[in-house]
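What follows is a single structure, written as structure tokens, with notes after it.
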Amino acid sequence: MNYKDVEGGWVTVFEAANIDEANIVKGLLEAADIPVYLEREAIGAIYKLSVGPLSEVAVKVPKDKAAKASQLLQSTAYGAAPED
């Protein structure tokens, strides 16, 4: 399955700072049998940027899996509020 072909039915559940963080979140969601599609700016990928707005990656899941994905992310450090 090519996830890009079905992008219209996908929603962003997490905005990662870079591709490394996105891949960690992707692995967490895929371990829970949730398909994941990562979307990032092409220029950031071409120049392999790892900081700044062009390095950000949207972690997307199918609309019908969004609630489960959000719940899973909130139960981990990725969804937790920062501690002071």
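The table below lists the values:
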| item | result |
| --- | --- |
| Any pair with Cβ under 8 angstrom, 6 or more apart, that starts in segment 69-84 at a residue that is at pLDDT 90 or above and ends at one that is among the β-branched types (Val, Ile, Thr) | ALA69/VAL13; ALA69/ILE34; ALA69/VAL61; SER70/VAL13; LEU72/ILE34; LEU73/VAL13; LEU73/VAL25 |
| Residue in segment 11-18 that is out of contact with any strand residue (DSSP E or B) (no Cβ under 6 Å at 6 or more places or on another chain), modelled with pLDDT under 95 and assigned to a helix (DSSP H, G or I) present | no |
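The values are calculated or read from the model by the stated rules, or taken from the named source; none is laboratory data. Only a predicted model underlies this, so the values are computations on that prediction, with no experimental measurement involved. Reconstructed Cβ throughout: ideal geometry from the backbone, glycine too, with neighbour counts over all protein chains shown.
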